[in-house]
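Before any comments, here is the structure.
Read-outs throughout are calculated quantities, based only on the coordinates presented, and are distinct from any laboratory measurement. Note that the structure is a prediction, hence the values are computed from the model and not measured. As a convention, Cβ positions derive from the backbone with ideal geometry for all residues, glycine included, and neighbour counts pool all protein chains shown.
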Amino acid sequence: MNWKNGLTLLPMLTLAFAAGCGQTASNPAQTKQNVTDTESSEVAEHTHDGWWCSEHGIPEEQCGMCNAKLAAEFQKKGDWCKEHDRPESQCFICHPELEAQFAALYEAKYGKQPPKPTE
């Protein structure tokens, strides 16, 4: 009886193997490209759900450039750089020393330098 089971099993294994051989392997270069595209799109898209605003280089909850409500509050207080359309207290263009102050907050929380602001 054992040899009959073996004869039945052999054609099944052959068919299963043959079916798997018809598939093409994924192109490693294409796979790498897809991963790269995903990573770059994640960086390019600015999200507002984290602690740090990587676009402007300040804590997200203080970012007057991303939050219109905060921007209105800064303008109401007179803390607004009209030339660069951002809070004066967050204008790294007029006051480059401010960038170091905000970077220190990031370093205190994460123990490393923050990413450079994209704007």
Step by step: first the residues of segment 82-111, then only those that are hydrophobic (A, V, I, L, M, F, W, C) and outside any loop (DSSP other than H, G, I, E, B), then the one that is nearest to Asn67 (Cα to Cα). Which residue is that? Phe102
Residues within segment 94-109 that are aliphatic (A, V, I, L, M) and surrounded by 12 or more Cβ atoms within 10 Å (Cβ to Cβ), tallied: 3
